[in-house]
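The values are calculated or read from the model by the stated rules, or taken from the named source; none is laboratory data. Remember, it's a predicted structure, so these values are computed and weren't measured experimentally. Cβ: placed from backbone, ideal geometry, glycine included. Neighbour counts: every protein chain shown.
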Amino acid sequence: MPAEIRRTWKRPHLLIAGGGVAGVEALLALRSLAGQRPSIELLSPNPDFVYRPLRVTEPFDLGDVRCFSLEDITADHRASLRPGALTSVDPAGRRARLRSGEWLAYDALLVATGARAREALPGARAFNGRAGTNDMAMVLHAVKVGRIRHLAFAVPEGVSWPLPLYELALLTAWRLDSETAKGVTLTVVTPEQEPLDVFGAEPSARVRALLESRGIGLLTRACPVKADGGSLSLADGSFVRADHTITVPSLEGPALFGLPSDSEGFIPVDAHGCVKGVDDVYAAGDGADFPVKQGGLATQQADAAAEAIAARFGAPVKPGAFEPILRAILLTGSAPLYLRAHLDDSAPRREVAEQPLWSPPDKIAGRYLSPYLAQLDRGAPEPGVLDDRDGPGGE
């Protein structure tokens with residue numbers, strides 16, 4: 001074995017590839033479940049954990065994206081941080097290769113690298129990262145001075161998370177109303193059967209009614225294909241008038257060499273996060289093949305994988321299967337809506353409320369992540385775990 005990957009640790013060693021939602025949740029979960037049994041190394045190309053769901057508030061001067069030092073987080077949990085990005089895996093040799101060419105050895109590997117964004121709608125501006133924030137701010141200014149009279153928010157076909165587009169539309173309508181701007185048409189265009197239909201009938205109906213109350217047009221079962229020349233073209237040959245179109249990126253999997261992937265690059269896993277056909281490699285978050293991509297679901301996948309890894313390392317833990325509960329907060333400019341859906345129940349519960357349905361009531365609802373960040377960000381008491389609250393029906 002080459003010297004650069006010779007194992008020097010005495011405890012079993014876990015390598016977590018990815019410093020995003022799933023990676024940090026897995027770190028917190030492993031330390032809670034397995035104590036100091038494993039040594040843990042967190043691999044990340046970025047020095048900070050970025051709390052991205054609040055990015056929609058920045059163009060409206062309602063808040064800022066929060067960043068937390070991964071160096072501090074790993075130090076808090078007696079783990080080590082290594083800068084770098086995972087590019088391939090050698091399962092037989094139990095080693096992972098970095099973009100730098102360096103190889104890292106592991107006893108277990110958790111791939112939490114996330115998905116890759118790609119252009120989904122030619123001619124539209126994707127709300128993604130800092131550039132998306134700046135683009136949206138410029139669009140708001142253009143609307144205010146009258147250069148844009150028709151603005152579309154288009155959900156692309158393929159794998160994406162559409163909720164931020166609904167927030168942008170609602171926040172734009174709220175801003176225009178507060179500034180008494182007149183004569184601006186806002187339209188949401190989506191392939192969904194109903195707005196945010198992954199949450200079910202009642203939440204979708206509430207979102208539809210909210211859009212209507214704000215004067216926002218809604219076109220469902222419509223597949224946008226191109227934004228150009230003052231219009232948004234749809235797959236059926238029709239078009240929507242749009243001086244400018246905002247979208248979100250479609251997602252594709254990491255397609256890591258050495259690991260299986262589906263046709264879109266996502267990593268196939270079982271209910272415990274184990275990569276199918278590969279020993280001691282797990283995957284969680286947007287890079288795994290669960291079809292709904294959302295931060296709270298990523299934490300639940302990380303928890304399932306952490307339980308399996310903890311048991312693998314000898315902790316007295318009975319691994320539980322990933323049972324997805326989709327929790328989301330829809331920002332509206334006034335009272336937010338709290339949405340919750342049990343996606344795998346035989347009799348699915350779909351809930352919507354104006355009061356928090358979980359605590360801490362964060363945008364990313366993570367069993368360990370939410371209480372920990374609440375402690376760091378708001379000086380909350382000693383962190384516990386996420387707590388669900390009864391819905392309007394008292395469930």
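Scoring LEU43 on the criteria (1) farther than 27 Å from LEU171 by Cβ; (2) within 20 Å of the chain's Cα centre (by Cα); (3) not in a strand (DSSP E or B) leaves a single failure, condition (3). Search the stretch 36-50 for residues that are within 16 Å of ALA108 (Cβ to Cβ) and pair each with any residue that is assigned to a strand (DSSP E or B) and of a type in the set (Lys, Arg) when their beta-carbon atoms are under 9 Å apart and the residues are at least 6 apart or on different chains. Listed by first residue and then by second, the contacts come to GLU41/ARG82; LEU42/ARG82; LEU43/ARG82. All of VAL139, VAL143, VAL159 fail the test of being modelled with pLDDT under 90, buried (at least 18 other Cβ atoms within 10 Å of the Cβ) and aliphatic (A, V, I, L, M), apart from VAL159.
When GLU102, GLU119 are checked against the criterion of being more than 26 Å from THR245 (Cα to Cα) and surrounded by fewer than 16 Cβ atoms within 10 Å (Cβ to Cβ), a single residue qualifies: GLU102.
Report the residue count in the stretch 123-162 for those that are of a type in the set (Asp, Glu) and farther than 21 Å from SER233 by Cβ.
Total satisfying the criteria: 0.
Is it the case that ALA154 is touching a His at 6+ places or on another chain (Cβ under 9 Å) and modelled with pLDDT of 95 or more? Steps first, please.
Working: touching a His at 6+ places or on another chain (Cβ under 9 Å): no; modelled with pLDDT of 95 or more: yes.
Taking the combined requirement at face value, the residue does not satisfy it.
Tell me, please, whether a residue that is out of contact with any Gly (no Cβ under 9 Å at 6 or more places or on another chain), of a type outside the set (Ser, Thr, Tyr) and more than 17 Å from LEU369 (Cα to Cα) can be found in the stretch 22-39. Looking through the stretch 22-39, at least one residue is out of contact with any Gly (no Cβ under 9 Å at 6 or more places or on another chain), of a type outside the set (Ser, Thr, Tyr) and more than 17 Å from LEU369 (Cα to Cα). Selection of the stretch 52-75 for residues being farther than 12 Å from GLY19 by Cβ and surrounded by 14 or more Cβ atoms within 10 Å (Cβ to Cβ) yields ARG52, PRO53, LEU54, ARG55, VAL56, THR57, GLU58, PRO59, PHE60, LEU62, VAL65, ARG66.
Scanning the stretch 336-356 for residues that are modelled with pLDDT of 90 or more and basic (Lys, Arg) returns a single hit, ARG340.
Would the stretch 138-160 turn up any residue that is within 28 Å of ALA85 (Cα to Cα) and in contact with a Lys or Arg (Cβ under 8 Å, 6 or more places away or on another chain)? Scanning the stretch 138-160 turns up at least one residue that is within 28 Å of ALA85 (Cα to Cα) and in contact with a Lys or Arg (Cβ under 8 Å, 6 or more places away or on another chain). When the stretch 149-183 is filtered for residues that are closer than 21 Å to ALA137 by Cβ, among the aliphatic types (A, V, I, L, M) and in a loop (DSSP other than H, G, I, E, B), only ALA181 remains. Would you confirm, using the coordinates I've provided, whether PRO203 is crowded, with 21+ Cβ neighbours inside 10 Å, in the same structural domain as ALA124 (by TED's automatic domain parsing) and farther than 15 Å from VAL189 by Cα? Yes, satisfied.
Here the condition is being surrounded by 18 or more Cβ atoms within 10 Å (Cβ to Cβ) and outside the structural domain of ARG147 (by TED's automatic domain parsing); of LEU259, LEU232, it holds for LEU259 alone.
Do the conditions hold for ALA142, that is, is it part of a helix (DSSP H, G or I), small (Gly, Ala, Ser) and without any contact (Cβ under 8 Å) to a residue 24 or more places away in the chain? Give the derivation first.
Numbers: part of a helix (DSSP H, G or I): yes; small (Gly, Ala, Ser): yes; without any contact (Cβ under 8 Å) to a residue 24 or more places away in the chain: no.
No.
Quick one: is ALA17 within 23 Å of the chain's Cα centre (by Cα), hydrophobic (A, V, I, L, M, F, W, C) and crowded, with 17+ Cβ neighbours inside 10 Å? Here the answer is yes, as ALA17 does meet what is asked.
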